[in-house]
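The block underneath contains the structure these notes are about, expressed in structure tokens.
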């Protein structure tokens, strides 16, 4: 996710509001490229984290403390010498650069009041934290020599300047004429914007194009004069929000997973679920914590997903083979007819004949029956009866086997669908137990060889616009519980038609159920199914009293014979989760 100039502007404003005038009480360097300042102001304490790590350059205010090494690194010791007990007197951002300058007043060894500047540059692999005295660099958390960069050295004693500033234009001061010059480019509109304007990320460039109603993939030079004017005013409106501090820190979610964050409300994501914050720092903390949780869950479920996919591949091959074998038994009734006709009329056929003709008593049409001339004619009838009996036995045996294979495929598909909506450890444990109970994996046990106790998760809970409760199972055990134990006879049950997915229960609670209640419950069933992002999904719904679970059926498997169906949207952004 781009840490762009608007995010830095929002953080600069937040830091001014909260820590400007504060005194630096502690300085720690918990990691190689990370600093943590403890700041006190008017009886309150703040912790300012700054990281120049190339993989995740970031800064925010936090309540969390970090464990520092026993012996402080040299840069940390230098900061303590110059900044400890210093007062923060200014926090600024040059233009819309991803740079923050924090000015700190302190008394030196001679008792003279001095000012130092701590410059935080968050620019990907070029990120750095630099302590300077005016334009002179005192030291930095990363040393950059001429061997590393031909553009700028970051070493003690060198002059400080902002890198790459001459390559981009300042969006705070660009004119409509200057904008027109930028747009004389063969690059796409978004690429032209983010490569030509300081602090504008690809995301902000997409937002500017979207709010202008212009296709972001169009070559910039193809824009007409009226389109260029609209685009300039869209950029100006965005810049005005930044300059006036009109920020809306927000996280956008797609299918309940953090998708993007921004310092500004983005119309490009208006169809996504959003969570607004009062603090950009809290946005960054929550966003990356949730992203980390997602990554950890994905890693922990990767093995389970691989097992399920492998079993599914085997079952699909087995199922295709079984269907082919069933297709091969389709001639069994014909063999029986041949046997019957040969037994009835074979006495009149000359021995050694390669075929005989007879009237099919079902249709009245004459048919030609192949014969083996090396055996007696009536023995051909016996042979056809034997073929019929063999294929009948095969057909009857395969029917049960095919049904079992299909049920196992459906079960594995439902587990795969559950893996897509897992959010915590309890849900992983429940799914692992289901797979172990079904024999797909070995049961987990503790050191004494006893089965581990599984912590139970809870179904998703939503409330319709009419105030009715709607519950969604996140795995097959929850589906069984919701449908067979929790739901009452008059409640309504929803499920995506012929697709793996969650059981959804709409609690009637003795109230009148409106069309919107049905539509919202159906949307939840469509959304939490293997619909693969289809805009509309056919959903079956029926009252709970018409649902049955066959004895010995796999978890989540139920049957029903009387039901209604409706097309439902997979968009659940307007449905309130409790």
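Here, each number is a calculation from the coordinates, and none is a lab measurement. This structure is a prediction, so every number in the text was calculated from the model and none was measured. Cβ sites come from the backbone with ideal geometry, for glycine too, and all protein chains shown count toward neighbours.
Angle of helix 280-328 to the longest C-alpha principal axis of the chain, folded into 0 to 90 degrees and rounded to 10: 20°. A simple spin-label model places pseudo-atoms 7 Å from Cα toward Cβ; at residue 125 and residue 577 they are separated by 3.7 nm. Each 5 Å bin, from zero up to the one with the longest distance, holds this percent of the alpha carbon pairs of the stretch 338-395: 4, 20, 29, 22, 16, 7, 1.
For the stretch 460-577, take the alpha-carbon Rg, divide it by the Kirkwood Rh, and send me Rg/Rh.
Rg/Rh for the stretch 460-577 comes to 0.93.
A Cα-only calculation for the stretch 170-242 places Rg and Dmax at 10.5, 29 Å.
Placing a pseudo-label 7 Å from each Cα along the Cα-to-Cβ vector at residue 288 and residue 271 gives an inter-label distance of 3.1 nm. The packing ranking, built from the mean of other Cβ atoms within 10 Å per residue, places the peptides 349-355, 385-391 in the order 385-391, 349-355, highest first. Calculated mean residue ellipticity, 222 nm, the chain: -12000 deg cm²/dmol, from DSSP H runs (n ≥ 4) at -39500 (n - 2.57) each, averaged per residue and rounded to 500. On full extension, the segment bounded by residue 425 and residue 393 gains 6.7 nm, given 0.36 nm per residue less the C-alpha separation. Using a simple spin-label model with pseudo-atoms 7 Å out from Cα toward Cβ, residue 31 and residue 225 lie 5.3 nm apart.
Between residue 442 and residue 367, the C-beta separation translates, for a Förster distance of 41 Å, into a calculated FRET efficiency of about 0.10. In a fully extended conformation the segment linking residue 42 and residue 85 would gain 14.0 nm over its present Cα-Cα distance, using 0.36 nm per residue. FRET efficiency for the residue 323 to residue 463 pair, using the beta carbon distance and R₀ = 56 Å, is estimated at 0.80.
Just want the ordering: 287, 15, from fewest to most Cβ atoms lying within 10 Å of their own Cβ.
Neighbour counts put them in this order, fewest first: 287, 15.
Of 503, 362, 106, the sequence from fewest to most neighbouring Cβ atoms within 10 angstrom is 362, 106, 503.
To the nearest Å, what is the center-to-center distance of the stretch 533-567 and the stretch 200-247, using C-alpha atoms only? Their Cα centres are 48 Å away from one another.
Compute the semi-axes of the equivalent ellipsoid of the stretch 5-165, taking the square root of 5 times each eigenvalue of the Cα gyration tensor, and list them largest first in whole Å.
22, 18, 17
Counting neighbouring beta carbons within 10 Å and listing from fewest to most, the residues 123, 77 come out as 77, 123. Counting 0.36 nm for each residue step from residue 172 to residue 53 and taking away their Cα separation leaves a gain of 40.0 nm.
Normalising by residue count, the chain has a Cα convex hull of 300 Å³ per residue.
Can you pull a Stokes-Einstein diffusion coefficient for the stretch 298-423 at 20 °C (1.002 mPa s), Rh from Kirkwood over Cα pairs, as a whole number of µm²/s? Reported coefficient: 119 µm²/s. Return the FRET efficiency for the residue pair residue 561, residue 155: r is the Cβ-Cβ distance, R0 is 56 Å, and the value is rounded to the nearest 0.05. The value I calculate is 0.10.
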